[in-house]
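The values are calculated or read from the model by the stated rules, or taken from the named source; none is laboratory data. Because the structure is predicted, anything quoted here is derived from the model rather than measured. For neighbour counting, all protein chains shown are included, and Cβ atoms are generated from backbone atoms with ideal geometry for every residue, glycine included.
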Amino acid sequence: MAVTSAGVATPVDVHDLDYDRFLEEVHSFEFWFEAVSGYLSGLAWGHRPDLVEPARTAEERDRLVTVLCNYCVGETAALEGASGLVAIAPNRLAKVFLATQVVDEGRHLEVFHHRLRDLGVEDPESEVERRASRSLVLFRRRLLELVAGKDWEAAIFAQNVILESLEFAVFHSHAAGADPITADVLQGVIRDERRHIGFGENELGRRLATAPHIRARLGQTKKELDHLVLDSLEETSRLIGLPRDEQDRLGRLYLGSVERLGFA
Amino acid sequence: MNDPLQLEDAPVAGSETPRLRFLLDDSGFDEVPKKYRRFYRKWRGAGDVLAPNEVICPVCKVVIRSTRELRVGDRVYCMPCMSRLVVMRAEDGTLEARVAY
């Protein structure tokens with residue numbers, strides 16, 4: 001609520017905020033805390049505690065375990081990437097936002113690990129290592145190289161545009177056909193991912209507008225990572241049993257943000 | 001609910017027709033702080049229809065709502081994904097939001 005000079009509270013119309021005030025608002029721990037409190041309160045390990053585990057065949061369980069193991073690889077990459085990016089973020093708002101993202105990514109890794117335990121995996125760490133997709137492992141390595149090289153634009157592009165868009169698209173499709181517990185966990189993660197993809201796209205969009213010379217470098221980053229992402233997308237789509245047309249839709253969803261930034 | 005309430009203030013002489021105003025209520029959207037929740041709702045999929053005060057965020061696919069009828073050139077914010085958007089006319093004649101970096 002805003003307070004008028006007469007001391008009367010009036011509702012804030014979000015669309016009337018000036019841009020600087022809007023950015024201050026959404027890149028704050030205050031905003032993050034109120035947002036996640038809305039959809040995470042009352043959950044246990046990322047899902048409503050009253051949901052019941054469905055019966056599934058050994059093969060279905062095995063496929064789900066592989067998918068969750070690869071989600072853990074992606075979330076570990078994002079956790080390590082986001083925490084490294086805090087140090088090289090160019091301003092206070094980006095640092096604070098990335099600090100909230102680190103917390104989100106840590107939570108995602110935790111709830112996926114817990115889900116693996118729910119499914120009877122005794123040692124999730126070694127299972128993740130054993131089942132990790134080669135494409136995702138290579139993606140993680142490259143992302144961390146970009147972060148270590150302090151290449152802010154390329155690293156935020158790789159992580160918050162490419163990786164987060166991939167996760168957003170895959171989690172969306174998977175949640176639609178998953179068992180109730182996995183779907184609930186994924187829905188909570190998707191809500192967090194909205195902030196991450198939005199941050200990446202808007203941060204880079206603003207930078208490209210003022211420093212167009214970085215476009216060629218980002219185009220090279222995309223070219224380097226695209227096949228890893230698309231391989232991973234195809235592998236996961238097969239494991240979660242998506243029909244061909246849904247795989248195509250998912251590919252288009254993934255490409256949406258990179259196209260909006262001018263990387264068709 | 002998203003009810004047309006009344007015609008907005010009298011238009012400036014020679015300008016366009018006045019806009020519809022809308023009362024927004026909480027649609028259950030829980031991804032932003034409470035004071036902002038009425039400005040957003042989830043897209044309900046096939047069969048869902050956008051009201052004259054609504055556009056879809058192209059980044060995160062949430063429906064953005066305004067207290068007034070939207071028109072080309074209006075600026076709106078998508079708080080769930082932190083984007084600033086401008087309302088444009090799509091090829092099919094409907095309104096759509098595009099990201100303004």
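May I ask you to list the residues in segment B:69-93 that are closer than 23 Å to A:D20 by Cα and assigned to a strand (DSSP E or B)?
B:R75, B:V76, B:Y77, B:C78, B:S83, B:R84, B:L85, B:V86, B:V87, B:M88, listed by residue number.
Which one of these is over 22 Å from A:L250 (Cβ atoms), touching a helix residue (DSSP H, G or I) at 6+ places or on another chain (Cβ under 7 Å) and in contact (Cβ under 8 Å) with a residue 60 or more places away in the chain: A:I156, A:I197?
A:I156
Can you run down the residue pairs with Cβ atoms below 6 Å, 6 or more apart or on separate chains, where the first is in segment B:72-101 and closer than 23 Å to A:Q101 by Cβ and in contact (Cβ under 8 Å) with a residue 12 or more places away in the chain and the partner is assigned to a strand (DSSP E or B) and hydroxyl-bearing (S, T, Y)?
Qualifying pairs under 6 Å: B:R84/B:Y77; B:V99/B:S83.
Only one of A:V73, A:V36 is modelled with pLDDT of 95 or more, away from chain B (no Cβ under 14 Å), surrounded by 15 or more Cβ atoms within 10 Å (Cβ to Cβ) and in a helix (DSSP H, G or I). Can you tell me which?
It is A:V73.
Going by the structure shown, is A:E224 within 14 Å of chain B (Cβ to nearest Cβ) and either over 18 Å from the mean Cα position of the chain (by Cα) or modelled with pLDDT of 90 or more (or both)?
no
Against the definition (over 16 Å from A:G74 (Cβ atoms), assigned to a loop (DSSP other than H, G, I, E, B), aliphatic (A, V, I, L, M) and touching a residue at least 24 places away in the same chain (Cβ under 8 Å)), how does A:L218 come out, yes or no?
For A:L218, the condition - over 16 Å from A:G74 (Cβ atoms), assigned to a loop (DSSP other than H, G, I, E, B), aliphatic (A, V, I, L, M) and touching a residue at least 24 places away in the same chain (Cβ under 8 Å) - is not met.
If we only count helices (runs of 4 or more DSSP H) wholly inside segment A:133-186, which ones have 3 or more residues that are over 25 Å from A:R215 (Cβ atoms)? Spell out how you get there, then give the answer.
On the way: elements: A:134-148, A:152-156, A:164-177.
By residue number, A:134-148, A:164-177.
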